[in-house]
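The structure under discussion appears below in the form of structure tokens.
The values are calculated or read from the model by the stated rules, or taken from the named source; none is laboratory data. The structure presented is a predicted model; accordingly, all values stated were derived computationally and were not measured. So basically every Cβ, Gly included, is an ideal-geometry build from the backbone, and we count neighbours across all protein chains shown.
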Amino acid sequence: MQVNATSRSSSRPSLAAEQVLKRARGVSMYATAPREELTLEEFESFAVDRLIVLRMIENLRIRGFKAREVEQQMRPVLKKHGLEDDRRKDIVSHYVLRLAYSKTEDLRRWFLAQEAALFRLRLESLSSAELEVFLHDHDISFEEVPKENIAGGGVSYLVPFTQALELVAKRQVAVEKGKVVVPQSKIHSIIIARFRTALSKSLATASQFFADIAADPRLASLLRNVDRHDVTPEKNVVDDSEQITADQLDALAATSMPLCMRVAHDALRREHKLKHWGRVQYGLFLKAAGLPMEEQLKFFEAEFTKVMTHEQFNKEHAYGVRHRYGKEGKRTDYTPYGCFKIIMDFAPGPGEFHGCPYKHYGKDRLAALLSTLSIRGPTATEILDLASNHNYQIACQRHFEAAHPDALEQQDLSLAGVGNHPNAYFKASRAYHRAAKAASSTLPPGASS
Ligand code: SF4
């Protein structure tokens, strides 16, 4: 017997049946490329929205969240980025990223892993009626085992063992004459294996056309740089809600700066100088954090003039500060560097303090640095392991959580850009401390938070 179409009546489906169809059709194997008009804005914004979703899934998986927790966290994210209800956007964004991520072996592997995780999340949330519709829509059928042959009844399928390798490896099914009996509850892993195989082949095919399509000047920039796209929303980066002063910087470095900026700040205070890339990385961060140009000049001058004259500072460094604020040269309003750039750009050499410590420091140096910030024991081990496994930005998020207890529980706190942009880290930390202060000021006298 073959499992095939779900029964349909000719009359209009009930609301419940419509819901089943809608949910089932929200899960796609992306077997047919869309053929439709797309504006350049849509091309880019769809890709970025899907990228945010895939990076979030990667993040949760690396941090060991269980399948149910990943689903709970991802549902609102999928909705927010229009990939829950907008089928067109879901399909188009998949195809845009499929092409962009076909460029190299590493990118193909990354895309395949995250798309398979997203597909799994959606597939496993289908009810059995919805799964039946999905199988029918995708023309997937399995040989059904007669009920009388199954102890305890229920629906089971006979599947070639080569299609059930994950289940065989986990010893969840027994092989007999080259086939395995798979209960309906475990059929997902076979469908996911098919999804992975099909997507892997499609990525290999797309890679052959990548160069030709990316030669189109309208698409070149996005297709070549999409994997580097800084997906941190602008509102999470530039802090226009407050101005800070030079006098506050020591305290802010201790409470709210991410490790990269903390390192640069401490080096400047200790050595009274920073080499070029350190000045640029830290200076742009301070600007976006709300430090006015006059205050940055005051701060840099106070430090640099401990090892040089005021005249020398004015001649060699004051211009650089004004330049970062768009007051010299081409008068460009320079934006602060995001984590991707800081991590991927060149490593700091001897006596330099730019870069990302999670990427650029060895394990012992990073452990010593974390220890000076009172991050020790299992939390330090977790952060060090994340950094050793090249998950630098997630190590930074874990650091944020350790330095800001219960931040994840604070509904109003936007942690979206933490680990993606140093200024998003700073902004989230400032909001956290403001909320903590407001909460403690509302406590009755004698109570402590
Ligand atoms: Fe700085 Fe980003 Fe590295 Fe965190 S992950 S330390 S914010 S560069």
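A few remarks follow.
- Filter result (closer than 21 Å to Ala24 by Cβ and part of a helix (DSSP H, G or I)) within the stretch 78-90: Leu78, Lys79, Arg87, Arg88, Lys89, Asp90
- Number of the condition not met by Gly417 [criteria: (1) within 20 Å of the chain's Cα centre (by Cα); (2) of a type in the set (Gly, Ala, Ser); (3) part of a helix (DSSP H, G or I)]: (3)
- Single match in Arg324, Arg331 (criterion: of a type in the set (D, E, K, R), away from the ligand (no atom under 16 Å from the Cβ) and under 28 Å from Tyr392 (Cβ atoms)): Arg324
- The combined condition, being surrounded by 12 or more Cβ atoms within 10 Å (Cβ to Cβ), of a type outside the set (S, T, N, Q) and farther than 20 Å from Arg61 by Cβ, is not fulfilled by Pro405.
- Residue check, His390 surrounded by fewer than 19 Cβ atoms within 10 Å (Cβ to Cβ) and within 16 Å of the ligand (Cβ to nearest atom): yes
- Of residues in the stretch 335-355 being near the ligand (Cβ under 9 Å from one of its atoms) and aromatic (Phe, Trp, Tyr), the one modelled with the lowest pLDDT: Phe340
- Residues satisfying the stated conditions in the stretch 356-382, i.e. within 14 Å of the ligand (Cβ to nearest atom) and closer than 18 Å to Ser256 by Cα: Cys356, Pro357, Tyr358, Leu369, Leu370, Leu373, Ile375
- Screening Leu167 on (1) surrounded by 13 or more Cβ atoms within 10 Å (Cβ to Cβ); (2) under 25 Å from Arg25 (Cα atoms) shows it passes everything except condition (2).
- Number of the exception - Arg194 against (1) more than 16 Å from the ligand (Cβ to nearest atom); (2) modelled with pLDDT of 95 or more; (3) basic (Lys, Arg): (2)
- Per the listing Ile394, Ile375, the residue uniquely of a type outside the set (D, E, K, R) and in contact (Cβ under 8 Å) with a residue 60 or more places away in the chain is Ile394.
- Thr335 vs. criteria within 24 Å of the chain's Cα centre (by Cα) and outside any helix (DSSP H, G or I): yes
- Odd one out for Pro405, checked against (1) within 16 Å of the ligand (Cβ to nearest atom); (2) under 28 Å from Gln73 (Cα atoms); (3) in a loop (DSSP other than H, G, I, E, B): (1)
- Restricting the stretch 47-104 to residues that are touching a Gly at 6+ places or on another chain (Cβ under 8 Å) and within 29 Å of Ala215 (Cβ to Cβ), the residue that is surrounded by the fewest Cβ atoms within 10 Å (Cβ to Cβ): Lys89
- Lone qualifier among Lys306, Lys275, Lys298 - being more than 16 Å from the ligand (Cβ to nearest atom), modelled with pLDDT of 95 or more and closer than 21 Å to Arg365 by Cα: Lys275
- Of Glu328, Glu352, all but one fail to be in a loop (DSSP other than H, G, I, E, B), among the acidic types (Asp, Glu) and closer than 15 Å to Gln281 by Cα; the exception is Glu352.
- Taking every residue in the stretch 10-22 that is assigned to a helix (DSSP H, G or I) and modelled with pLDDT of 75 or more and pairing it with any residue that is surrounded by fewer than 11 Cβ atoms within 10 Å (Cβ to Cβ) and not small (Gly, Ala, Ser), at least 6 positions away or on another chain, the pairs with Cβ-Cβ distances below 9 Å are Glu18/Arg12.
- Condition met for Ala302 (in contact with a helix residue (DSSP H, G or I) (Cβ under 7 Å, 6 or more places away or on another chain) and either buried (at least 16 other Cβ atoms within 10 Å of the Cβ) or small (Gly, Ala, Ser) (or both)): no
- Checked against (1) more than 17 Å from Phe400 (Cα to Cα); (2) polar (S, T, N, Q); (3) at pLDDT 95 or above, Thr381 meets all criteria but (1).
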